[in-house]
Each structure stands twice: as C-alpha cells, then as structure tokens.
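One structure below.
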Amino acid sequence: MELLKEYWILWSVSNGLAILVLIAALKKTRLARLLIFILFAWASWFNYTTAHNSPSDYLIYATLTPVDLYSNFINTTFKANIVPMVTGIAMGQALIAIGMLLRGWWVKLACIGAILFFLAIAPLGIGSGFPATLIGALAVFLIVKNDALDYLWIPSSKVQ
C-alpha cells in the first residue's frame, strides 16, 4: 500500500491530463491530436532514454500490476530483454506521434496504434495511470471518428 502512495501524484496528473485530452477530443479534435502527438513523442524519448540508461527501472511495473500474467511476463521474458523490448515500444510510440501529424489513413493507423497501446498497458494498473489509459483510448477513438484527418499544420479555416 505504501508503494501506491508514492504514485498518487503521478496517477492524479496522468488522469487529469487524460481528462483534458478527452475534453479536447470532444470539442477540438485538432488540439487533441496535437496533445496525443506530444504525449507519444515524449513517451518515445523517455522510454528510449530510460531503457538505455537505467533499464531496471521498468521492473517496478511487476509490483504495480494487479494482473499476474503481466507481472510474470515482466519478471521473466521482459526482464531478460528490457532494452530491445522498450526500444521497440519507443519506436512504435514515435511512429504513432508522427502519424498524428500526418493526414488520412496515416492518422487512422496512428489512432489504431494509440488505442491498442493504451489498452495493452491498462492492465499495468497504477503504473500506467489506469484509468487514464482507457480515457486516452476513448479520446483517440473520438479523434479518428470526428477529426478531418488533415495535416495539423494546415490552418483550421482551410480544413473542410
């Protein structure tokens, strides 16, 4: 229980930001796309650098997840392959970020990737900021459903 207290602030910030992204997705999908871009670009950088500088930091997730399947995976296969696995995750996050900047089916593909990513990490519990992951998945669903899916840098008055 003491461990959960340590994560309370991070959990609160994660969920507060997820709610802000959801509100943006309901009102201004282009802003929500920009926020999702920033999130995934930052996550890509953070995960890549952490994996290469202090890979054992990821092992804490085994103690945070309420799902035995995830904790067992983290303590076995993942533990033996942290750097390549997290590097792959970081590259996927970078591709999602880039896709959010583009248009058409690239955005759709990035949104599918973001939704799958959010759903895949949800079982990590407080370590993933749950339920922020589900809120994020819903926000991305609203983006793909309601956004014009044009380049973000095109002024909104030119977007149809």
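Computed from the coordinates by the stated procedures, all read-outs in this text should not be read as laboratory data. Keep in mind that what you see is a predicted model, and the values were worked out from it rather than measured. We place every Cβ from the backbone using ideal geometry, glycine too, and count neighbours over all the protein chains shown.
Structural remarks
- Among the helices (runs of 4 or more DSSP H) confined to the stretch 1-85, the ones with at least 2 residues that are among the β-branched types (Val, Ile, Thr) are located at 8-27, 29-53.
- Check on ALA90, in contact (Cβ under 8 Å) with a residue 60 or more places away in the chain and under 27 Å from LEU152 (Cβ atoms): no
- Here the stretch 101-122 is the region considered, the condition is being more than 13 Å from the chain's Cα centre (by Cα) and not in a loop (DSSP other than H, G, I, E, B), and the residue that is nearest to THR63 (Cα to Cα) is LEU109.
- Within the stretch 57-100, if we keep just the residues that are among the β-branched types (Val, Ile, Thr) and under 30 Å from ALA148 (Cα atoms), the residue that is farthest from the chain's Cα centre (by Cα) turns out to be ILE98.
- Residue in the stretch 86-93 that is outside any loop (DSSP other than H, G, I, E, B), touching a Ser or Thr at 6+ places or on another chain (Cβ under 7 Å) and of a type outside the set (Ser, Thr, Tyr) present: yes
- Residue check for ILE96: within 17 Å of THR29 (Cβ to Cβ), touching a residue at least 12 places away in the same chain (Cβ under 8 Å) and in a helix (DSSP H, G or I): yes
- Of LEU22, LEU35, all but one fail to be surrounded by 14 or more Cβ atoms within 10 Å (Cβ to Cβ), within 15 Å of CYS111 (Cα to Cα) and either touching a Gly at 6+ places or on another chain (Cβ under 7 Å) or without any contact (Cβ under 8 Å) to a residue 24 or more places away in the chain (or both); the exception is LEU35.
- Counting only residues that are loosely packed, with under 13 Cβ neighbours inside 10 Å and without any contact (Cβ under 8 Å) to a residue 24 or more places away in the chain, the stretch 47-68 holds 5 of them.
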